1. Within the stretch 1-42, which residues have the backbone N less than 20 Å from the label spot 7 Å out from GLN105 along Cα→beta-carbon, could you tell me?
2. According to the Kirkwood expression over distinct Cα-Cα pairs, how big is the hydrodynamic radius of the stretch 1-105, in Å?
3. Find how many whole Å separate the alpha carbon centroid of the stretch 13-43 from the alpha carbon centroid of the stretch 110-129.
4. Could you please rank THR52, THR72, placing first whichever residue has the fewest other Cβ atoms within 10 Å of its Cβ?
5. Quickly work out the SER68-to-ALA33 label distance, labels modelled 7 Å from Cα along the C-beta direction, and quote it in nm with one decimal.
6. Connecting C-alpha atoms closer than 10 Å in a GNM of the chain, tell me which of ARG95, ARG55, ARG114 has the biggest fluctuation.
7. So for the stretch 1-105, taking the charge dipole from beta-carbon charges (+1 Lys/Arg, -1 Asp/Glu), which of LEU101, GLN20, GLY71 sits furthest toward the positive end?
8. Output the 0 to 90 degree angle, nearest 10, between the alpha-carbon long axis of helix 110-127 and the longest principal axis computed from the alpha carbons of the chain.
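Just so it is clear, none of the values below were taken in a lab; they were calculated from the coordinates. Worth saying up front: this structure is predicted, and the values here are computed from it rather than measured. No Cβ is skipped: glycine too gets one built from the backbone with ideal geometry, and neighbour counts run over all protein chains shown.
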Amino acid sequence: MFFTIDPTNGLPIYEQVVRQLKFAVAAGVLKPAELVPSVREVARELAINPNTVARAYRQLQTDQVLESVRGTGLQVAAGATQRCRRERLALIHERLRQVLLEAKQSQLAGHELRTLVEAELSRLEQEEPKK
């Protein structure tokens with residue numbers, strides 16, 4: 001499954017489910033017309049309340065990422081990939097902007113920030129599983 005819930009990150013759990021599903025669609029992990037796991041499956045897998053998953057799925061339907069398939073469940077909507085890619089970019093851009101603003105307000109020099117970013121990118125690349 002493509003969800004990882006972190007109850008300490010400050011985002012509501014339903015919002016984490018929404019974002020991660022959108023990121024999965026944006027990355028091509030989930031493709032248009034592909035069925036998503038049921039509310040019960042996700043709730044059981046993540047050990048969260050089914051109402052939380054249902055709320056996330058309703059939000060994803062409102063955002064036109066998921067659509068109902070009569071008698072089957074929910075599937076990724078046509079056109080969702082492009083919408084999710086745009087939204088992913090906007091979300092990451094805003095979070096990065098907030099971090100950079102905080103760094104500027106803390107009087108962190110540009111070269112120090114660049115060093116931190118490069119070090120973190122290197123660390124993340126080393127942690128990536130080998131394919």
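1. Correct set: 9-11.
2. On the way: mean 1/r = 0.0693 Å⁻¹.
Here the Kirkwood hydrodynamic radius works out to 14.4 Å.
3. 28 Å
4. Details: THR52 20, THR72 8.
Taking fewest neighbouring Cβ atoms as first place, the list is THR72, THR52.
5. For ALA33 paired with SER68, the spin-label model returns 2.2 nm.
6. Among ARG95, ARG55, ARG114, the largest mean-square fluctuation in the Gaussian network model of the chain belongs to ARG114.
7. LEU101
8. The two axes meet at around 50 degrees.
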